[in-house]
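The values are calculated or read from the model by the stated rules, or taken from the named source; none is laboratory data. The structure displayed is predicted, hence computed values, not measured ones. Virtual Cβ from ideal backbone geometry, glycine too; neighbours counted across all protein chains shown.
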Amino acid sequence: MDGSSVKSAIRLGVEITGKHLAVVCLDSAASVIDKKLGDRTDENFLSDFVKSSSATRGPIAGVGIASSSECDSDTASISADLFKMVGSKPFVENSGRAGAIGEHRAGAGRGTQSLFYIYMGETVETALILNGEVWRGSAGLAGAFGRFVIDSDGRRVDDFATDLSIVRRTRNRFNQDQTSSLISLDESKITADDIIREALKGDEFAVMMLERTGKFVGVALASVIHLLNPETVVVGGQIVRPGTNVVEGVISGAGESVSSEILAGTKIIPAELGEFSAALGVALMSADC
């Protein structure tokens with residue numbers, strides 16, 4: 001057989017969210033050769049991707065799963081399904097740490113030694129990389145940034161930066177701006193997707209709500225910057241897009257408490273890998289096991 005026709009081993013990464021499954025296929029050189037986003041309700045999506053990848057790309061050498069909860073029933077069920085499909089036990093990691101690895105090795109944080117990763121979505125996921133390695137803490141629980149208290153009422157980052165909290169805050173101010181295109185929607189049915197969509201169309205009220213979300217995160221981030229002075233802060237999530245002003249809000253919020261000299265030593269930038277940061281990260285991490 002011609003050696004050029006021999007297929008190389010591949011690795012797969014899967015991230016589980018409430019709405020989607022994000023899947024990535026890497027070749028033996030850790031380059032992305034396929035990626036897809038599927039609906040969680042599609043029972044065949046994952047098996048079809050695995051079958052197609054193994055048939056056309058090569059034998060599967062490893063697979064990883066990223067999830068906000070590493071021990072819940074959904075993660076266990078998908079892990080069992082993948083074990084049957086692949087024949088080996090999947091590596092399971094927290095989505096925040098997986099996303100940080102993805103951005104650090106192949107995204108916005110390439111080449112940095114210290115990185116703080118923030119993902120805003122259904123949950124707030126974060127992780128810290130020091131000297132090129134994920135910092136897990138003494139009990140493996142480091143990265144609970146969503147628990148940071150950011151105002152005198154005891155409210156936390158989680159109370160401002162998750163999809164549900166963004167929707168709640170938007171509804172609380174819903175009738176204060178009659179010029180917003182959101183007014184045409186049923187207030188009780190507004191979603192984070194609606195707010196993002198209208199912000200991308202230039203709706204000033206929607207942009208303001210998302211920018212303020214970033215600012216609340218920046219207020220909490222100031223403590224991280226003061227304590228650790230990381231080279232890079234990577235901000236990810238569906239709301240982080242050109243035109244939503246989320247990263248600008250993070251920079252503004254951090255700048256209220258961090259001196260310009262200290263802030264100048266930390267880059268605050270958007271994630272590059274979008275919805276595939278964690279899936280890519282956990283595929284890379286599976287090779288380290």
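Residue pairs whose Cβ atoms lie under 8 Å apart, separated by 6 or more positions or on different chains, with the first residue in the range 145-161 and closer than 19 Å to Glu256 by Cα and the second surrounded by fewer than 21 Cβ atoms within 10 Å (Cβ to Cβ) and small (Gly, Ala, Ser), are Phe148/Ser223.
Take Gly249 and tell me if it is out of contact with any strand residue (DSSP E or B) (no Cβ under 9 Å at 6 or more places or on another chain), surrounded by 21 or more Cβ atoms within 10 Å (Cβ to Cβ) and either at positive phi or modelled with pLDDT of 95 or more (or both).
Numbers: out of contact with any strand residue (DSSP E or B) (no Cβ under 9 Å at 6 or more places or on another chain): yes; surrounded by 21 or more Cβ atoms within 10 Å (Cβ to Cβ): yes; either at positive phi or modelled with pLDDT of 95 or more (or both): yes.
Against the criterion (out of contact with any strand residue (DSSP E or B) (no Cβ under 9 Å at 6 or more places or on another chain), surrounded by 21 or more Cβ atoms within 10 Å (Cβ to Cβ) and either at positive phi or modelled with pLDDT of 95 or more (or both)), Gly249 qualifies.
Report whether or not Phe205 is assigned by TED's automatic domain parsing to the domain that holds Ile239, in contact with a Lys or Arg (Cβ under 9 Å, 6 or more places away or on another chain), within 16 Å of Val250 (Cβ to Cβ) and assigned to a helix (DSSP H, G or I).
On the way: assigned by TED's automatic domain parsing to the domain that holds Ile239: yes; in contact with a Lys or Arg (Cβ under 9 Å, 6 or more places away or on another chain): yes; within 16 Å of Val250 (Cβ to Cβ): no; assigned to a helix (DSSP H, G or I): yes.
Criteria not met by Phe205.
Given the structure, is Ser114 at negative phi, hydroxyl-bearing (Ser, Thr, Tyr), outside the structural domain of Pro230 (by TED's automatic domain parsing) and in contact with a strand residue (DSSP E or B) (Cβ under 7 Å, 6 or more places away or on another chain)? No. Cβ separations smaller than 8 Å between residues 6+ apart or across chains give the following pairs from the range 218-237 residues that are surrounded by fewer than 20 Cβ atoms within 10 Å (Cβ to Cβ) to residues that are part of a helix (DSSP H, G or I) and not small (Gly, Ala, Ser): His226/Ile262; Asn229/Ile262. When Gly202 is tested against the conditions (1) loosely packed, with under 13 Cβ neighbours inside 10 Å; (2) among the small types (Gly, Ala, Ser); (3) without any contact (Cβ under 8 Å) to a residue 40 or more places away in the chain, the lone failure is (3).
Yes/no per residue for (1) more than 19 Å from the chain's Cα centre (by Cα); (2) in a loop (DSSP other than H, G, I, E, B); (3) aliphatic (A, V, I, L, M); (4) under 30 Å from Arg110 (Cα atoms):
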site	(1), (2), (3), (4)
Asp194	yes, no, no, no
Ala199	yes, no, yes, yes
Lys215	no, no, no, yes
Gly218	no, no, no, yes
Val235	no, no, yes, yes
Ile239	no, yes, yes, yes
Gly249	no, no, no, yes
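Inspection of the range 51-64 finds a residue satisfying the criterion of being closer than 22 Å to Gly143 by Cβ and either touching a strand residue (DSSP E or B) at 6+ places or on another chain (Cβ under 7 Å) or in a loop (DSSP other than H, G, I, E, B) (or both). Being hydroxyl-bearing (Ser, Thr, Tyr) and either under 29 Å from Glu231 (Cβ atoms) or in a strand (DSSP E or B) (or both): is that true of Thr126 here? For Thr126, the condition - hydroxyl-bearing (Ser, Thr, Tyr) and either under 29 Å from Glu231 (Cβ atoms) or in a strand (DSSP E or B) (or both) - is met. Among the candidates Ser68, Ser77, Ser53, which residue alone is surrounded by 16 or more Cβ atoms within 10 Å (Cβ to Cβ) and out of contact with any Ser or Thr (no Cβ under 9 Å at 6 or more places or on another chain)? The conditions single out Ser53.
Would you point out the residue of the range 84-116, among those that are charged (D, E, K, R) and touching a residue at least 24 places away in the same chain (Cβ under 8 Å), that is surrounded by the most Cβ atoms within 10 Å (Cβ to Cβ)? Walk me through how you get there before you give the answer.
Kept after step one, since they are charged (D, E, K, R), are these residues of the range 84-116: 84, 89, 93, 97, 103, 105, 110.
With touching a residue at least 24 places away in the same chain (Cβ under 8 Å) added as a condition, the list becomes 93, 97, 103, 105.
Values: Glu93: 25, Arg97: 27, Glu103: 31, Arg105: 17.
So, considering only residues that are charged (D, E, K, R) and touching a residue at least 24 places away in the same chain (Cβ under 8 Å), the one surrounded by the most Cβ atoms within 10 Å (Cβ to Cβ) is Glu103.
With Ser53, Ser28, Ser67, Ser8 as the choices, which residue is of a type outside the set (Phe, Trp, Tyr), without any contact (Cβ under 8 Å) to a residue 60 or more places away in the chain and touching a helix residue (DSSP H, G or I) at 6+ places or on another chain (Cβ under 6 Å)? One residue alone meets the criteria, Ser67. For the range 257-277, does any single residue satisfy the condition of being of a type in the set (D, E, K, R), at pLDDT 95 or above, in contact with a helix residue (DSSP H, G or I) (Cβ under 9 Å, 6 or more places away or on another chain) and not in a helix (DSSP H, G or I)? Scanning the range 257-277, I find at least one residue that is of a type in the set (D, E, K, R), at pLDDT 95 or above, in contact with a helix residue (DSSP H, G or I) (Cβ under 9 Å, 6 or more places away or on another chain) and not in a helix (DSSP H, G or I), so the answer is yes. Checking each residue of the range 261-271 against the condition of being within 16 Å of the chain's Cα centre (by Cα), closer than 27 Å to Asp34 by Cα and not β-branched (Val, Ile, Thr) gives at least one match. Note on the range 149-166: residues that are crowded, with 20+ Cβ neighbours inside 10 Å and part of a loop (DSSP other than H, G, I, E, B) total 3.
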